[in-house]
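Below is one structure, written out as structure tokens; the observations come after it.
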Amino acid sequence: MAAPSDKAFPVSWDQFHRDARALAWRLAGAGPFEAIVCITRGGLVPAAIVARELGIRLIETVCVASYHDYHEQGSLQVLKDVAPSIRAIGDGRGRGVLVLDDLTDTGKTAQVVRAMLPDAHFATVYAKPAGRPLIDTFVTEVSQDTWIYFPWDMGLSYQAPIQPGTSG
Ligand SMILES: O=P(O)(O)OC[C@H]1O[C@H](OP(=O)(O)OP(=O)(O)O)[C@H](O)[C@@H]1O
Ligand code: HPA
Ligand SMILES: [Mg+2]
């Protein structure tokens, strides 16, 4: 389970697009990739952006769920495996396949997918130190006690002024 986070790292759509595009620039020299496997659901968003930038049209999902409640990692469940046709790419161990997720935190999700595709190239937009060794390419590292707030989980809301006792 992820420790309750002290720090918040909010990411806007604009920032996420820029960071995902920066990831695509880094991946451009690491291929060629025949297919993307995105880890749902968070991996669907960077997958769309990276696929567009790198001209990849063969997109597969592996469906993994672990954080059932906010901040709490429950038991990790693989709801849908990688299709045999994608597993068969390259040497049958994932060479030539790009695995994408929005972030790695404890690294447990990446570890489960790495067991399916050991030679695939693993990439995330954000990485925390515990998950970092599992990932080949990422853009921004944040500390383990930081919680990343993605734009698809947020909405506009009132912010109290910094100075206590004053109104906005
Ligand atoms: O490195 P870990 O500690 O395993 O955590 C990282 C995973 O947790 C989140 O997914 P989550 O299981 O919450 O599902 P979601 O993508 O559907 O939001 C995130 O999108 C990563 O896939
Ligand atoms: O920091 C995080 N933010 C959003 N989802 C997550 N899932 C694991 N860690 C995180
Ligand atoms: Mg996820």
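Per-structure values
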{"read-out": "Strands (runs of 3 or more DSSP E) fully within the stretch 94-154 counting 2 or more residues that are within 8 Å of ligand 1 (Cβ to nearest atom) and under 18 Å from ALA65 (Cβ atoms)", "value": "97-104"}
{"read-out": "LYS128 more than 23 Å from ARG26 (Cβ to Cβ), at pLDDT 95 or above and of a type in the set (Lys, Arg)", "value": "no"}
{"read-out": "Given (1) within 16 Å of ligand 3 (Cβ to nearest atom); (2) part of a loop (DSSP other than H, G, I, E, B), number of the condition TYR158 does not satisfy", "value": "(1)"}
{"read-out": "Enumerated strands (runs of 3 or more DSSP E) restricted to the stretch 35-88, each holding at least 1 residues that are modelled with pLDDT of 95 or more and within 12 Å of ligand 2 (Cβ to nearest atom)", "value": "35-40"}
{"read-out": "Filtered residue count, the stretch 89-127, keeping only those that are away from ligand 3 (no atom under 16 Å from the Cβ), among the acidic types (Asp, Glu) and closer than 17 Å to CYS63 by Cα", "value": "0"}
{"read-out": "THR137 touching a helix residue (DSSP H, G or I) at 6+ places or on another chain (Cβ under 9 Å) and of a type outside the set (Gly, Ala, Ser)", "value": "yes"}
{"read-out": "Of all residues in the stretch 1-34 being in a loop (DSSP other than H, G, I, E, B) and acidic (Asp, Glu), the one that is nearest to ALA83 (Cα to Cα)", "value": "GLU34"}
{"read-out": "Residues being farther than 14 Å from PHE33 by Cα and surrounded by 21 or more Cβ atoms within 10 Å (Cβ to Cβ) - total across the stretch 83-124", "value": "9"}
{"read-out": "In the stretch 25-43, the residues that are closer than 25 Å to ASP91 by Cα and either surrounded by fewer than 20 Cβ atoms within 10 Å (Cβ to Cβ) or under 9 Å from the mean Cα position of the chain (by Cα) (or both)", "value": "ARG26, ALA28, GLY29, ALA30, GLY31, PRO32, GLU34, CYS38, ILE39, THR40, GLY43"}
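The values are calculated or read from the model by the stated rules, or taken from the named source; none is laboratory data. Computed from a prediction, not measured in an experiment: that's the story for all the values here. Backbone-built Cβ (ideal geometry, glycine too); neighbour counts: all protein chains shown.
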